Every structure is written in structure tokens, then in C-alpha cells.
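Participant: This is the structure I want to talk about, given as C-alpha cells.
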Amino acid sequence: MQKSNVTEPRTDWRSEWFEFEDTVYLNAASIGALPRVSIRAVQQALEWNKFPNKLPDSAHFAVPNRVRALVAKLIAAQPEEIALTTGTSGGLQAIANGIEWRKDDEILVARGEFPAHFTTWLPLERSAGAKVIIVAPRGRFLTADDLIEHIGPRTRLISTSLVRFDNAALLDARRVADACHAADALLALDAAQCAGAMPIDVAALGCDFLVASGYKWLLSPYGTGFLWVRGALIEQMREAPFYWQALADAENFHSLSLGSYARAQGARRWDSSETASFLNLSAMEASLEFLLRVEVPTIWEHNRALLAEMIRRLPSDRCVLASPADPDARGPYACIASRRPEGTAALFEKLQKAGINVALREGSLRVSPHLYNSERDIDRLLTVLAV
């Protein structure tokens, strides 16, 4: 096995997390481990349930609004463009409910996309007369050209992952967005597998919507996530029922029944119900602050270095790369597989027994490190793969 040439990071961030005991955890793309600071935030939020007399009314709005502002900073957006959701599915459903669909509108979804895309759009074939067009990639990995070639006069929306969950392929979103807009269509991007681990600027991407779950790279609890809507689109979206805290005067707790029941401006109309879930949002706030303190490019470059080392030293007689070879065409993780199709599951079991936690997805092993991983973890992974 080749010797490692990765150097340790200048700042050792591993102390920001609890120890994984005897496990090498290389599975952030499945569940991101909450940092210590986020655990402490949950414990503090529990105190509000324990002693509700200490909970000020203003906290119901202050906590979500701070999270909204932090998400906006993370993706170079404006806070009023952010809705707080329960995850990727919640964001996609908000988009589906906010568009005035016409009969025979076409929605493009790539073959093999994460199921949330299909469970969101396929029901519209029955309820709204829309048509879901399944786009099959011409090559091994989905490209912008694959999607662009299927845009037609009836295309209303393309719903696609910015980074694919099954192979880490990174989409050239800007090209797809420009092609969509030239055809008067919209682009919805699923950033669940990169938001928080890869620099994102929504203006540079050119998309109309961006959704993400919180429990992966945003290092937040289950039941958290966000939806970004391009500002110019917000007031063009279809009116629909909304959570009462999206009322313009909802903060006036003392006279709610005297209000006008007018909806507040901005994307908060799509906030999930019970937005002020302090157990979730307090931890999410702490995690977002942590990510912004660390700076996302730090995570991005750290992962790229570890993955480059893994790929360079991959035992070629046993394993193959199942992600794009070009690092600029990959997200913050990579997938590998056995040279024998039936051998990948066996490799997964072998790694599990050795205390190395990766994900088995669509016939490949997804290896997704974070700042708590080092070259020693890659060494352990490669040692098991090589024997």
C-alpha cells in the first residue's frame, strides 16, 4: 500500500466533536455528527421546557430569524428569501404547492434521482395534469447536456440534485439554469449533499429554488432544512395556506385576534409549522455559526485532500472509482466499488466489522469525510480494502 502524503490540517477541528470511540466515521453524507456546541444548545433549549417561565415570547421569532439569517449568509442570499423547512422533501413540496400548474406542463427529473424528487412531482400527473419526463444520462454520470437536450416548449421545471447522492457527480447548474430561463422554465436544485460542505452562491448558480436538509452537511438535527426562493419569484407564487407565525403581525402575542391576518412578505410563508422548535433550531443555529466560523472552503479543501489521497492509493486490483475522476466534477465525497459487482456488499460488511462506517448506496460505497477525519482514517479504510 502506498504511503500517505497528506499533511494534517493546520487547525485540528476534531476536538469540536465527541469521540467516535472505536469507529472511523466516514459517513457525513448520511448523517452529519452534531458538534459539541450544538449539543450544548439543545441542552439549553431543554431548559426552556423545564422552566418555561424563562422563555420570552420574543424567542419564538428571534431563534428562527437568526437561523434564517445564518442560512442566507451560508449561500450568499437574503434572509427574506429563506424558508425554514423540515428537510429537502418539505422544500420540494412547498415549491410544488407554490406553482400554478398548467395541463401538460413538463417536469424534468433525471433517472436515479433521490426518491424525494419523484414523490414530489409524480402525484402532479394525476392532480394537475403535468407530465414527469425521466431523463436518462447518455454516459455514466448525469451532465448538464443531458438535461438541456430534453428542454422543450412545455418544460416548466427541472428538479435535480446539485450533487448526486449515489455517485457524487456535481452538476454544471449555471448552464442548466441559463437554458431553463431561455425556455421560460424554472430550475429547482437539491443541495442536500453539498450545502455546508461546498461553497454555494445562489446567484452564481442561477437557480430559482434551492432546497436542503439539515441533518447531513449542515450538521443539524433531523427535522431541519431550508428552502431558498429567488426574490423576484416570491410574490409571483401561488397563494396557499401558511403557518400562523408567518402573519405580518404574529409577534404581537397580546392581541392576535385583533390582527388583519395579512401574510408577511418574503419566503417565511413556506416555513414549516411549529417553526420555533427550539430543540431543533437552537442546535441548527449553533451548527450554522460553527460552519461559518470554520468557513465552508476549509471543509471543502479538507475533504478534497483526503479523497484525493484515497483515490490515489485505492487498491486497483480490488476496487474502482465510482465517481467522476475529475475532482472539479465531484461534490464533497466520493464513491468506490469492488471490481466484481457482487463484491461491493461484501466490502461493506468487511468495513463494518472493522469499525469503519461508510454508506452502501446503489451498488457503491460512499465515503464522506469531515473535519473530524484525518489521514489516519483514510489509512485504516485503505488497509481493510487492500486485504
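The values are calculated or read from the model by the stated rules, or taken from the named source; none is laboratory data. Small disclaimer: the values here were computed from a predicted structure and weren't measured. Every residue, glycine among them, receives a Cβ derived from its backbone with ideal geometry; neighbour counts consider all protein chains shown. For accessibility, only protein heavy atoms count, side chains too; no ligands or nucleic acids. Shrake-Rupley method; radii C 1.70, N 1.55, O 1.52, S 1.80 Å.
Participant: With angles folded into 0 to 90 degrees, how steeply does helix 173-182 sit against the dominant principal axis of the chain? Use alpha carbons for both and round to 10.
Facilitator: So the inclination is approximately 40 degrees.
Participant: Here's another thing I want to ask about it. How much of the DSSP bridge set in the chain is antiparallel, in percent, rounded to the nearest 5?
Facilitator: 50 percent
Participant: Helix 343-353 versus the longest principal axis of the chain: what is the Cα-based angle in degrees, 0 to 90, to the nearest 10?
Facilitator: 80 degrees
Participant: Which of the GluC sites (Glu not before Pro) across segment 9-113 are loop residues per DSSP, with 14 or fewer other Cβ within 10 Å?
Facilitator: Those that pass, being in a loop and sparsely packed, are GLU19, GLU21, GLU100.
Participant: Oh, and also: Quick one: net charge of THR120's neighbours, Cβ under 12 Å, K/R +1, D/E -1?
Facilitator: Charge balance in the 12 Å sphere: -3.
Participant: So if each residue of separation counts as 0.36 nm, and I subtract the Cα-Cα distance between ARG376 and ARG238, what length gain in nm does that give?
Facilitator: Full extension from ARG376 to ARG238 adds 44.5 nm.
Participant: Using alpha-carbon pairs under 8 Å, 6+ residues apart, how would you state the relative contact order of the chain in percent?
Facilitator: Taking the mean separation of contacting Cα pairs over the length of the chain, I get 25 percent.
Participant: Same structure again: Using alpha carbons only, how many degrees (0 to 90, rounded to 10) separate the axis of helix 375-386 from the longest principal axis of the chain?
Facilitator: 60 degrees
Participant: Which order do ARG14, ARG340 take by accessible area at a 1.4 Å probe, largest first?
Facilitator: Accessible-area ranking of ARG14, ARG340, largest first: ARG340, ARG14.
Participant: If I stretch the segment between ARG340 and ASP249 completely, what's the gain in nm (0.36 nm per residue apart, minus their alpha carbon distance), one decimal? Don't jump to the answer; show the numbers that get you there.
Facilitator: Values: separation 91, 0.36 × 91 = 32.76 nm, distance 6.19 nm.
Here the answer is 26.6 nm.
Participant: I would also like to ask the following. Quick check for me: using +1 on Lys/Arg Cβ and -1 on Asp/Glu Cβ, what's the dipole size of the chain about its Cα centre, in debye to the nearest 20? Present the calculation step by step, with values, prior to reporting the outcome.
Facilitator: On the way: 42 positive and 46 negative charges, 141 e Å.
In debye, rounded to 20, the chain gives about 680.
Participant: Taking K and R as +1 and D and E as -1, what net charge do the other residues with C-beta under 15 Å from the C-beta of ALA110 add up to?
Facilitator: Here the count lands on -4.
Participant: Need one number: the % of Cα-Cα pairs in the chain sitting beyond the 28 Å mark.
Facilitator: Of the Cα pairs, 49 percent sit more than 28 Å apart.
Participant: Here's another thing I want to ask about it. For a quick check of your reading of the filter: which chymotrypsin sites (Phe, Trp or Tyr not before Pro) in segment 243-283 sit in a DSSP loop and have no more than 16 other Cβ atoms within 10 Å?
Facilitator: In loop regions of segment 243-283 (DSSP not H, G, I, E or B), the sparsely surrounded chymotrypsin sites (Phe, Trp or Tyr not before Pro) are TYR261.
Participant: In percent, how large is the relative contact order of segment 102-164, given Cα pairs closer than 8 Å and 6 or more residues apart? Walk me through the numbers on the way to the answer.
Facilitator: Details: 87 pairs, mean separation 30.0, N = 63.
Reported relative contact order: 48 percent.
Participant: Order HIS117, HIS181, most accessible first, counting only protein heavy atoms with a 1.4 angstrom probe.
Facilitator: Ranking HIS117, HIS181 by accessible area, largest first, yields HIS181, HIS117.
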